[in-house]
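Enquirer: Here it is, the structure in full.
The values are calculated or read from the model by the stated rules, or taken from the named source; none is laboratory data. Please read these numbers as outputs of a predicted model, since none were measured by experiment. As a convention, Cβ positions derive from the backbone with ideal geometry for all residues, glycine included, and neighbour counts pool all protein chains shown.
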Amino acid sequence: YGTQTINDQGHLTIGGTDSVELAKEYGTPLYVYDIQLFRERAKAFQKTFEEENIAYQVAYASKAFSSIAIYQVAAEENLSLDVVSAGELYTAIQSGFPKEKIHFHGNNKSEAELRMAFEEEIGCIVVDNFHEIELLKTLSEQLKKPMNVLLRVTPGIEAHTHDYITTGQEDSKFGFDLINGQADRAFHDTYQHEFLNLLGLHCHIGSQIFDTAAFRLAAEKLVGKMSDWKNEFDFSCPVLNLGGGFGIRYTEEDEPLEPAVYVKEMIQAVKETSAAAGYPVPEIWIEPGRSLVGDAGTTLYTIGSMKEVPGTRKYAAVDGGMSDNIRPALYGAKYSSLIANKANEAATEQYTIAGKCCESGDKLIEQADLPAAEAGDILSVFCTGAYGYSMASNYNRIARPAVVFVENGDHQLVVERETLHDMVKHDLSYKKQVESK
Ligand code: LLP
């Protein structure tokens, strides 16, 4: 992936740095991000919009990986930012991210979170439900502050990795249903409001999607709805946000398309549907998360104990596991790996890569073809940049790993490894009262 190669010592290098040296310097488990690759991915999306000569915003869906440093790089690359909680918004503000390019998502934003969005004067709020509309009206009137809003709708398209289905009425906790009048009601509730500035519609149809058909269908449905409103109420929404979900290659089995292909197909669908309806071509916004950071991330582990179940399998255990990557245990997600200090050696063995958590299901890879492994080897697991660190936990009171950015031969610590002290820092003692109160 990206800038990865093998050096004279047979070590995996990332961003011009020796991964075995990184493991030595920062310890393991360690998340390593190839920042050049992140920048290239961002530019690939942006370039396609520019070539197609269409107004756009590419917002980094930062639930995939949220930290001050990645927000700084996102800002350098002129990305907008999708945040989904006060925590992500706070991180963005601490990073100095341009507030007018922050979009706030979520199906149950609290009043405090919405107030924060007004006070910080962020770019827009993606409104999910009627409760939120009421909160926004009250807050904006109280604060006498304007806010751009998009309405999130559920278009009734369910995209799976290899195919998609139209489910009429999709059962989803997110957004206003397009077909039973909810979206129309939300439109009426917002489009003439004194402080709420309705920009348009949003949808997100799924994640790790490999084809373009579902995006096309979503574009057609949403442009269709916006053009109905224009015809009936003479109000044109200037923006269409088609969400994220572009697939990436975790293993050889995955066959995603290039970012440009998804974007081109979306733009064509929007242009065609707009032309047919006599609707002005809206600005197109997208929100990739995984496809910006996924393959930029590699996790380095140290192999420790090994076990053979005769006739069945060999286990190689690493010093992390479901605490730093829950995806295999939660979704059955597959990953590929390499022994970073034996990157030139042929794979002669098959191992199940186990984590160190007290749970049988804590396996990172079921069948990893590797050279003969021994304790002390550095295992690199690829494509862990999205939903790895961001979904990490302290299960078993395991400290979260550090994060390092590498680029052009340089390496920098951007998130410190948690310490044992961090494991108890919010704990308070309990003292039994002798006398009852
Ligand atoms: N926009 C919205 C409104 C979303 O809900 C999401 C992801 C994205 C954008 C970014 O999607 P992406 O481009 O990253 O596929 N934890 C799961 C993924 C959950 C995705 C949730 N929403 C995983 O590890 O696969």
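Enquirer: For region 315-336, how many residues are buried (at least 21 other Cβ atoms within 10 Å of the Cβ) and either not in a loop (DSSP other than H, G, I, E, B) or not assigned by TED's automatic domain parsing to the domain that holds residue 349 (or both)?
Expert: 4
Enquirer: Still on this structure, I have one more. If you scan region 174-196, which residues turn out to be in a loop (DSSP other than H, G, I, E, B) and either surrounded by 15 or more Cβ atoms within 10 Å (Cβ to Cβ) or modelled with pLDDT of 90 or more (or both)?
Expert: 174, 175, 178, 179, 181, 191, 192, 193, 194, 195
Enquirer: Something else now. List the number of the failed condition for residue 75; all other conditions in (1) among the small types (Gly, Ala, Ser); (2) assigned to a helix (DSSP H, G or I); (3) within 16 Å of the ligand (Cβ to nearest atom) hold.
Expert: It is condition (3) that residue 75 fails.
Enquirer: Look at region 197-220 and say how many of its residues are more than 24 Å from the chain's Cα centre (by Cα) and surrounded by fewer than 22 Cβ atoms within 10 Å (Cβ to Cβ).
Expert: Of the residues in that region, 2 qualify.
Enquirer: Please specify each residue of region 48-72 satisfying the condition of being under 18 Å from the mean Cα position of the chain (by Cα), assigned to a helix (DSSP H, G or I) and within 16 Å of the ligand (Cβ to nearest atom).
Expert: Listed by number, the residues that qualify are 62, 63, 64, 70, 71.
Enquirer: I'd like to verify a number: residues in region 222-252 that are away from the ligand (no atom under 16 Å from the Cβ), within 23 Å of residue 288 (Cα to Cα) and assigned to a loop (DSSP other than H, G, I, E, B), how many?
Expert: 3
Enquirer: Residues of region 191-213 being out of contact with any Pro (no Cβ under 9 Å at 6 or more places or on another chain) and within 12 Å of the ligand (Cβ to nearest atom), which ones?
Expert: Answer for region 191-213, where residues must be out of contact with any Pro (no Cβ under 9 Å at 6 or more places or on another chain) and within 12 Å of the ligand (Cβ to nearest atom): 202, 204, 206, 207.
Enquirer: Between residues in region 262-291 that are over 10 Å from residue 215 (Cβ atoms) and residues that are crowded, with 20+ Cβ neighbours inside 10 Å and among the acidic types (Asp, Glu), which pairs lie under 7 Å by C-beta distance while being six or more apart or on different chains?
Expert: That search, which allows pairs on different chains as well, returns 287/82.
Enquirer: Scanning region 291-300 for residues that are in contact with a Phe, Trp or Tyr (Cβ under 7 Å, 6 or more places away or on another chain) and in a strand (DSSP E or B), which turns out surrounded by the most Cβ atoms within 10 Å (Cβ to Cβ)?
Expert: Filtering first and then ranking leaves 298.
Enquirer: Could you check region 253-290 and list, in sequence order, the residues that are in a loop (DSSP other than H, G, I, E, B) and among the hydrophobic types (A, V, I, L, M, F, W, C)?
Expert: 257, 281 - these are the residues of region 253-290 that are in a loop (DSSP other than H, G, I, E, B) and among the hydrophobic types (A, V, I, L, M, F, W, C).
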